[in-house]
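Okay, structure first, notes after.
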Amino acid sequence: MIEARRYGLLASGLAVGFFLLSALIGHGWIAPDGFTTLLAIPTSTGNESISAAELSKLVNPHLYGQVTAAELPWSSTPPARLRLLQEEHGAARLVAAFRTTLPRPLYEELANVKRGAELLAGTVIQPGELFSINRALGPYTRARGYRDGPMYADGQLLRAEGGGVCKVATNLYNAAVLAGLEIVERHPHSMMVSYIAPGRDAAVTFGGKDLRIRNNQQAPVIIWSEVHGHTLYVAIYSNYQPPKITWEHQLISRSSPPLHRRAARDLPPGEERVVFPGYDSVTVRTWIVIHHTDRPAERRNLGVTYYRALPRVIEYGPEYGPAAKPPSPRPASGGRG
């Protein structure tokens, strides 16, 4: 999904305001899923830590997670190209691996994730080298092998070239953090996504928001990625063993999305359907804990992110035909539906 809305100047309280620039959709200039957050609200209110149970209410925890070597689909028969790269660069050890599952691929989103994974697989980052996912995978156009995927614009679900590529960026971001690589640039979405916990997503826009990773280790690293079924796997290989990394989150605020109801000519009177379940508005603080073997654990703050709400959309059958006025709005229930 990519963002195609225009934002104006917002002001409240004692001259507190901020300006959000408009994002324009061009031919590949804005990557799918590019709901990029231009501002992270630096609020310090609230002290509620998100438990595993609470986090599962936001995003299904079975849709993402760290992967062991045995759980990688290619573990028993590694691709020949991967084996050659490992031999060439002395990168036989699996340093980190991560997976995400697409719960409901839309349009040709899955094909775009596969295309992104194909372009990413076999990437080698030398020590000190800076990797850019936009350089590696973009531009996100048909000429580059992408198809039409999902895009949200003004509360509507539309098609856009390359829709879904941000899932590749999100997977790589999580694998790189687990591998202890330096994250030079990363941007969250402006609205929560359905496949990863808030604070752990990565949005990209070609010519704009990028995911950049520096190899701060003493040896080359190899990235390998594949899609099996609806699940994307990204693995990082090298010759070092990183410390254990754990993620922690603090829920600062959460509110249910607004409800939008609209008449649908094809529905009989009294019948309803959920067009989109909506996304909660959520503000989270995220950090990682690095568990060193030779010194005390290190706590690294990744900042505060605000995710705007995306309305819950329900269509209903008008009682007196297409021109009938809708009934009074009912409050949204359950947030994500």
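Brief remarks on what is shown
- Matching residues, segment 76-88, being surrounded by fewer than 18 Cβ atoms within 10 Å (Cβ to Cβ) and either in contact (Cβ under 8 Å) with a residue 12 or more places away in the chain or closer than 19 Å to LEU178 by Cα (or both): PRO79, ARG81
- Matching residues, segment 218-252, being surrounded by 14 or more Cβ atoms within 10 Å (Cβ to Cβ) and β-branched (Val, Ile, Thr): VAL221, ILE222, ILE223, VAL227, THR231, VAL234, ILE236, ILE245, ILE252
- Members of segment 160-198 that are over 9 Å from the mean Cα position of the chain (by Cα), outside any strand (DSSP E or B) and modelled with pLDDT of 95 or more: LEU172, TYR173, ASN174, ALA175, ALA176, VAL177, LEU178, ALA179, GLY180, LEU181, ARG186
- Residues that are closer than 21 Å to ALA203 by Cβ and of a type in the set (S, T, N, Q) are absent from segment 288-298 altogether.
- Set side by side, the residues LEU110, LEU21, LEU102, LEU9 differ, and just one is surrounded by fewer than 19 Cβ atoms within 10 Å (Cβ to Cβ), in contact with a Leu (Cβ under 8 Å, 6 or more places away or on another chain) and either modelled with pLDDT under 85 or under 30 Å from ALA235 (Cβ atoms) (or both), which is LEU21.
- Residue list for segment 62-75, restricted to those being without any contact (Cβ under 8 Å) to a residue 40 or more places away in the chain and either under 22 Å from ARG104 (Cα atoms) or not acidic (Asp, Glu) (or both): HIS62, GLY65, THR68, ALA69, ALA70, SER75
- Of the residues making up segment 253-276, those that are surrounded by 17 or more Cβ atoms within 10 Å (Cβ to Cβ) and under 15 Å from LYS57 (Cα atoms) are ARG254, SER256, PRO257.
- Any hit, segment 146-162, residues being closer than 27 Å to HIS292 by Cβ and touching a Gly at 6+ places or on another chain (Cβ under 8 Å): no
The values are calculated or read from the model by the stated rules, or taken from the named source; none is laboratory data. All values reported here derive from a predicted model rather than from experimental measurement. With ideal geometry, Cβ positions are generated from the backbone for all residues, glycine too; neighbour counts draw on all protein chains shown.
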